[in-house]
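Let me begin by presenting the structure, written as structure tokens, before commenting on it.
The values are calculated or read from the model by the stated rules, or taken from the named source; none is laboratory data. The model shown is predicted, which means the values in this text are computed figures rather than measured ones. Cβ sites come from the backbone with ideal geometry, for glycine too, and all protein chains shown count toward neighbours. Side chains included, ligands, DNA and RNA excluded: accessible areas come from the protein's heavy atoms. Shrake-Rupley method; radii C 1.70, N 1.55, O 1.52, S 1.80 Å.
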Amino acid sequence: MRVREMMAWIKAGKSAPFITQLPPFFFFFDEPDVFSATTFNIFPISECRCSRCFEMVHQSSPLSVRLELEKGDTSAASTALAMALQECPNSGKLWAMDIEMAPKKQRKRRCMDALKKCDNDPYVLAAGGKIFWRMRRVEKARRWFNRAVMVAPGLGDTWALWYRFELEHGDATTQAEICRRCVQAEPNKGELW
């Protein structure tokens with residue numbers, strides 16, 4: 001999907017898979033009811049290039065966590081996530097999922113732990129921005145989203161999340177500035193993008 005089309009859909013408030021499924025969790029499939037072998041193609045290779053981490057990231061970790069969350073079994077999802085983090089401690093996606101699943105009072109600490117393990121990962125930075133968004137600390141959330149898009153300008157999911165934040169808390173000039181920067185960056189990666 002082209003950048004301008006996506007921004008127009010978000011602004012118009014139309015129902016689209018990538019809009020309706022962003023908060024509270026940033027990590028869902030386009031069609032949550034359909035789990036087939038093609039859904040494995042969504043996950044990019046993790047930062048760790050060993051075969052064990054490749055298998056964990058592509059097949060078992062995020063998928064099993066998401067499936068357990070879809071079923072409503074948060075204890076099984078947290079167990080699967082803990083095992084995945086032991087196998088792939090440098091995966092920003094897994095740390096971002098851990099931040100999202102943590103109790104409210106532990107999210108900041110988990111975010112700091114994630115930043116220590118995988119410094120400047122865009123998924124972790126976006127999860128940090130969402131923490132401050134929920135706390136209504138607008139300027140701090142804006143800085144975290146800005147850091148996320150500066151680290152990985154090609155990741156469209158962070159641009160969409162930041163734009164959605166600005167629709168809620170920003171004015172027309174900041175929204176236009178984000179659209180301009182997004183078009184300049186030409187993002188082409190992301191689970192939902």
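In nanometres, what is the gap between the two model label sites at residue 188 and residue 104, each 7 Å from Cα along Cα-to-Cβ?
Reported label-point gap for residue 188 and residue 104 is 4.3 nm.
Can you pull the accessible area of residue 164 for me, 1.4 Å probe, Å² to the nearest 10?
Number for this one is 70 Å².
Each label point is 7 Å from the Cα along the Cα-to-Cβ direction; what then is the distance between the points at residue 138 and residue 83, in nm?
About 4.5 nm separates the two model spin labels.
Can you give the extra length, in nm with one decimal, that the chain gains between residue 169 and residue 74 once fully stretched, where that is 0.36 nm per residue apart less the Cα-Cα distance?
Extra length available between residue 169 and residue 74 comes to 31.1 nm.
Between residue 119 and residue 176, what is 0.36 nm times their sequence separation minus the Cα-Cα distance? Round to one decimal in nm.
The span from residue 119 to residue 176 would gain 17.6 nm if fully extended.
How much net charge surrounds residue 143 when only the other residues with a Cβ under 14 Å from the Cβ of residue 143 are counted, with Lys and Arg +1 and Asp and Glu -1?
Details: positive: 130, 137, 140, 142, 147; negative: 139, 166.
Residues near residue 143 contribute +3 overall.
If every alpha-carbon in the range 62-193 counts as one equal scatterer, what log10 I(q)/I(0) does Debye give at q = 0.16 1/Å?
Listed by q, the Debye log ratios stand at -0.82.
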